1. Give me the helices (runs of 4 or more DSSP H) completely within the stretch 165-253, filtered to those with at least 2 residues that are among the hydroxyl-bearing types (Ser, Thr, Tyr) and either closer than 23 Å to LEU292 by Cα or modelled with pLDDT of 95 or more (or both), ordered by residue number.
2. Among the residues of the stretch 275-297, write down those that are more than 16 Å from the ligand (Cβ to nearest atom), closer than 24 Å to ASN187 by Cα and in a helix (DSSP H, G or I).
3. List the residue pairs whose Cβ atoms are under 6 Å apart, where the first residue sits in the stretch 4-20 and is without any contact (Cβ under 8 Å) to a residue 12 or more places away in the chain, the second is exposed (fewer than 14 other Cβ atoms within 10 Å of the Cβ), and the two are 6 or more positions apart or on different chains.
4. Somewhere in the stretch 215-232, is a residue hydroxyl-bearing (Ser, Thr, Tyr), more than 16 Å from the ligand (Cβ to nearest atom) and surrounded by fewer than 20 Cβ atoms within 10 Å (Cβ to Cβ)?
5. Against the definition (surrounded by fewer than 18 Cβ atoms within 10 Å (Cβ to Cβ), of a type outside the set (Lys, Arg), within 23 Å of PRO214 (Cα to Cα) and more than 16 Å from the ligand (Cβ to nearest atom)), how does ASP332 come out, yes or no?
6. Out of the residues in the stretch 129-139 meeting the condition of being open to solvent by less than 80 Å² (accessible area, probe 1.4 Å) and farther than 19 Å from PHE453 by Cβ, tell me which one is farthest from the chain's Cα centre (by Cα).
7. Tell me, yes or no, whether the stretch 400-409 has at least one residue that is out of contact with any His (no Cβ under 8 Å at 6 or more places or on another chain), farther than 30 Å from ALA284 by Cβ and assigned to a loop (DSSP other than H, G, I, E, B).
8. Just name the residue that is surrounded by the fewest Cβ atoms within 10 Å (Cβ to Cβ) out of those in the stretch 383-399 that are among the β-branched types (Val, Ile, Thr) and in a strand (DSSP E or B).
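The values are calculated or read from the model by the stated rules, or taken from the named source; none is laboratory data. Since the structure is predicted, the reported quantities are computational estimates derived from the model, not experimental observations. Quick reminder, even Gly has a Cβ in these numbers, built from the backbone with ideal geometry, and neighbours come from all protein chains shown. For the accessible areas, the whole protein counts, side chains as well, though only heavy atoms, and no ligand, DNA or RNA atoms are used. Shrake-Rupley method; radii C 1.70, N 1.55, O 1.52, S 1.80 Å.
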Amino acid sequence: MNFETIIKNGTIVTATDTFAAEIGITGETIAAIGRGLPVDGARIIDAAGCMVMPGGIDVHTHLDMPFGGTFSADDFESGHIAAAYGGTTAHVDFSIQFKGQSLHTAIETWHKKAAGKAVIDYGFHCIVTDLSGNQLNEIPELVKQGVTSIKLFLAYPGVFMVDDATIFRTMQQAAKCGALIMVHAENGPAIDILVKQAVAAGQLSPKFHALTRPPELEGEATARALTLGEIAGTAVYIVHVTCQQAKDAVRAARQRGARAHGETCIQYLYLDITSFDAPGFEGAKYVFTPPLRPKWHQAELWDALVKDDLQVVSTDHCPFNFKGQKDLGKDDFTKIPNGGPAIEDRLTLLYTGGVHGGRFSANRFVDLVSTKPAKIFGMYPRKGTLAPGSDADIVIWDPNEERTISARTHHMRVDYSMFEGIRTKGAAKTVLCRGKTLIENSKFVGRAGMGKFIARAPYSNI
Ligand SMILES: [Zn+2]
C-alpha cells in the first residue's frame with residue numbers, strides 16, 4: 001500500500017486513546033494507522049513532540065451574518081482561515097429563515113455565502129422563525145439534504161423569538177424525521193421588560209446588557225425547552241450555556257434520561273461580568289448574548305465539562321469591529337451588535353485551562369472540541385476521530401507552544417480580541433483538512449474554495 005502522506009513520530013490522541021503510531025493518508029482520507037508504514041514516495045510530516053488529533057469542529061458560528069443593519073466581520077474566507085490557524089477544520093454555521101421565507105431560501109442564501117470562499121468544511125443549521133407557510137413540511141427535506149439541526153429562539157421577541165406553540169410543533173416534526181432541536185434559551189419577554197425599564201431609567205452603558213438578562217431567566221428557559229422536548233419526543237441541544245442555573249437544568253434532564261445536550265462557549269470559561277468595568281465604551285467588546293456572568297459561574301461550567309453535564313465547547317463566533325460596528329450602540333446598549341470573535345482561540349484556550357490547568361485529560365479535550373460535536377451533529381465517524389476511512393482532518397498540536405493572544409497577531413478580521421493579553425500553552429502547528437495542508441508550521445498555505453459542504457446524518461441517540 002502506498003500513501004501520499006505519512007505523519008510520523010507523533011502521539012495520536014483521540015477522545016478515548018493515546019498511543020504512538022503513524023498515520024498514512026491517501027486522497028482525502030486516513031488509509032492506515034500503524035507502525036512502520038511504507039514510506040515509498042510519501043510526503044513525510046514529522047510530528048515529533050506533538051499530539052496528533054482530529055481537527056476541531058465548531059458547531060456554533062455566525063459568519064457573514066446580518067444583524068441590526070450590519071454584518072458580522074468575518075466571511076466564509078477570513079473566518080475559515082482564522083479557524084484553520086486555531087486548529088478547527090470544520091464548522092456548522094446558522095442559516096436564518098427570515099419571516100415569510102421558506103427554509104429552502106434560508107439554506108440557499110447561506111450556500112451562496114460559502115461558495116468559492118470556503119477553506120475548511122462547513123455545514124448548516126437552520127434557524128426557524130416563522131411557520132406561517134409550508135415550513136414544517138420542509139424540515140424532512142432539509143434532513144435529506146444534510147441539514148439535520150433546527151434552531152429555535154426563546155429570546156429576541158419580534159426578531160427571532162418563536163412562541164411555545166411554534167416550538168412544540170417544530171419539535172414534534174423534528175422527532176419524526178431525526179432532526180436535532182437547538183435552543184437559545186433565555187426568557188425573551190421578561191428580558192424585554194427589564195431592558196425597557198433600564199432604558200427609561202437612563203441606564204444605557206454596555207454593562208446594562210448583562211444586568212437586564214439575569215441568569216435565572218436563562219435557567220427558566222432552559223428547563224422549559226428541555227421539558228417541551230421530552231414531551232415532543234425529540235433530542236434537544238442547549239446552545240451557549242453560561243450559568244449554573246442553565247447547566248443544572250441540562251444536568252437534571254440528562255439524569256431523567258432525556259436526550260439532552262448542552263454546550264458552553266470558550267468566552268464564558270475565561271471572561272466574567274467585570275469585563276464591563278473597562279473604561280468608556282470598551283465594555284461593548286463583551287456584548288454578546290447570553291451575557292457574561294459573575295465569576296463564580298466559571299467554576300460551575302468547568303466542572304460541568306469534567307462531569308459531562310455539558311458535552312461541547314464551541315465559540316458563537318460573531319465578530320463586529322469595535323470601530324464602525326460596536327459603536328452603533330455608543331449611546332444605547334440595545335443598539336450594540338451582539339457578538340464576539342473567538343473561532344481562532346477555542347482550542348488553545350480550552351487546552352490551556354483544561355489540560356494544562358489540570359482539570360481534564362487531553363482525551364477529554366479532543367472529545368469536547370471535536371468528537372462530541374461530530375457525534376451529536378451527525379458527522380461521526382467521517383469526522384471527529386482518527387481512524388481508517390475517516391476524513392484526514394488532522395491537527396498536529398504542539399502542547400508546549402506558548403503564545404499571548406492579541407488582536408495584533410490574530411487572523412480574525414476584527415479590530416480587537418476579547419482575550420487580549422491572555423497567555424496560552426498549546427497551539428496548532430500543522431493542520432490538514434481532507435488530506436490537504438491548510439497550516440504548515442503555523443503558516444497558512446491553503447486557499448479559498450478548498451472547503452466542502454458537509455451533508456450531515458440525522459440525530460442518533462448517543
Ligand atoms: Zn449564536
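1. Where helices (runs of 4 or more DSSP H) fall fully within the stretch 165-253 and carry at least 2 residues being among the hydroxyl-bearing types (Ser, Thr, Tyr) and either closer than 23 Å to LEU292 by Cα or modelled with pLDDT of 95 or more (or both), they are 215-232.
2. SER275, PHE276, GLY283, ALA284, LYS285, TRP296, HIS297
3. Cβ pairs passing all conditions: none.
4. Checked the stretch 215-232: at least one residue is hydroxyl-bearing (Ser, Thr, Tyr), more than 16 Å from the ligand (Cβ to nearest atom) and surrounded by fewer than 20 Cβ atoms within 10 Å (Cβ to Cβ).
5. The answer is yes for ASP332.
6. As a first pass, look at the stretch 129-139 and keep what is open to solvent by less than 80 Å² (accessible area, probe 1.4 Å): 129-131, 133, 135-136, 138-139.
Subsequent filtering for residues that are farther than 19 Å from PHE453 by Cβ retains 129-131, 133, 135-136.
On the way: THR129: 21, ASP130: 24, LEU131: 26, GLY133: 30, GLN135: 26, LEU136: 26 Å.
The residue in question is GLY133.
7. For the stretch 400-409, residues out of contact with any His (no Cβ under 8 Å at 6 or more places or on another chain), farther than 30 Å from ALA284 by Cβ and assigned to a loop (DSSP other than H, G, I, E, B): absent.
8. ILE396
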